[in-house]
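Visitor: Here you go, one structure.
The values are calculated or read from the model by the stated rules, or taken from the named source; none is laboratory data. Remember, predicted model here, so these are calculated numbers, not experimental data. Note that each Cβ is placed from the backbone with ideal geometry, even for glycine, and that neighbours are counted across all protein chains shown.
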């Protein structure tokens, strides 16, 4: 006990030294002041401060931070637009000058957040005020790029950097949403009608083309068939003429009357009329003069054929 009393000052020194030991967590940088004046920054880990003289004024986080924002803007055609967005930001780096800006630019973290959100809201409102409500939904990317361009320099003076701005939702008043739905529906109906008309036109065109091709094919087939029929009839007549010429020549050589051939052809023709007539009435000149006239014509044809053969 006497020894403890004798070395009390050692205990006091140890207590003072232990009071000067401070810990800075990972992801933070400590800002040290002496008598209220900035002194230095300390990194994460166990650090020693001059007891009762140096103080940790603030622990500045260098980690990414996010905040959600909801606000309203008005378009150029006086439509209310409601935004829901998420802001991601962080301290630029852990350099001493940057940490000093972050530590002493604003009175508190709350003041920083208020200034940051109000600045972003004002920037988006100024952009939306130049656009019509029909354009806003398709301008998410443009809005984000405009905000970054406008406030990056300002945030740099505060020691911060805007990492990302996500616009999660853009809505309008119910009346505007209903009118937009009607416009979309009418545009869809119009597009459907145009597509249906074009499909019908294509169908009709293809059908007409197919019908025209079918007519062409049928006409060509009929032409070829008629040509073949004509050639067959011509060949038949030619063979008949040859046969009759030969028969007449042989009968002449045998001193027989060639009129027998003509009479036989006449009766054969009448027989064929009766067989294939199908009950139709066929008028023929059955008088002897008519028969003589017809046989004379046939005989003339045979004589012309015989002359051409020679």
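Visitor: Take the range 104-133 and flag every residue that is free of Cβ contacts under 8 Å to residues at least 12 places away in the same chain and more than 23 Å from residue 164 (Cβ to Cβ).
Guide: 107, 108
Visitor: Among the residues of the range 49-103, which ones are in a helix (DSSP H, G or I) and touching a residue at least 12 places away in the same chain (Cβ under 8 Å)?
Guide: 96, 98, 99, 100, 101, 102, 103
Visitor: For the range 26-39, give me each residue that is under 16 Å from residue 105 (Cα atoms), surrounded by fewer than 16 Cβ atoms within 10 Å (Cβ to Cβ) and without any contact (Cβ under 8 Å) to a residue 60 or more places away in the chain.
Guide: 36, 37
Visitor: Quick check on residue 64: is it at pLDDT 90 or above and within 19 Å of residue 168 (Cβ to Cβ)?
Guide: Taking the combined requirement at face value, the residue satisfies it.
Visitor: Then there's this: Which one of 116, 107 is modelled with pLDDT under 90, outside any loop (DSSP other than H, G, I, E, B) and in the same structural domain as residue 154 (by TED's automatic domain parsing)?
Guide: 116
Visitor: Please verify whether the range 142-162 includes one or more residues that are assigned to a helix (DSSP H, G or I), more than 26 Å from the chain's Cα centre (by Cα), at pLDDT below 70 and surrounded by 11 or more Cβ atoms within 10 Å (Cβ to Cβ).
Guide: Checked against the condition, which is being assigned to a helix (DSSP H, G or I), more than 26 Å from the chain's Cα centre (by Cα), at pLDDT below 70 and surrounded by 11 or more Cβ atoms within 10 Å (Cβ to Cβ), the range 142-162 yields no hits at all.
Rundown of residues vs (1) under 27 Å from residue 39 (Cβ atoms); (2) in contact with a strand residue (DSSP E or B) (Cβ under 9 Å, 6 or more places away or on another chain); (3) at pLDDT 90 or above, yes/no style:
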residue	(1), (2), (3)
50	yes, yes, no
71	no, yes, no
77	no, no, no
80	no, yes, no
85	no, yes, no
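Visitor: Between 64, 93, which is loosely packed, with under 14 Cβ neighbours inside 10 Å and in contact with a strand residue (DSSP E or B) (Cβ under 8 Å, 6 or more places away or on another chain)?
Guide: Matching residue, one of 64, 93: 64.
Visitor: Where residues in the range 33-48 are within 60 Å of the chain's Cα centre (by Cα) and part of a strand (DSSP E or B), which of them is farthest from residue 162 (Cα to Cα)?
Guide: Checking each candidate, the answer is 45.
Here's the yes/no breakdown for (1) touching a helix residue (DSSP H, G or I) at 6+ places or on another chain (Cβ under 8 Å); (2) surrounded by fewer than 13 Cβ atoms within 10 Å (Cβ to Cβ):
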{"residue": "41", "(1), (2)": "yes, no"}
{"residue": "45", "(1), (2)": "no, yes"}
{"residue": "70", "(1), (2)": "no, yes"}
{"residue": "77", "(1), (2)": "yes, yes"}
{"residue": "83", "(1), (2)": "yes, no"}
{"residue": "101", "(1), (2)": "yes, no"}
{"residue": "112", "(1), (2)": "yes, no"}
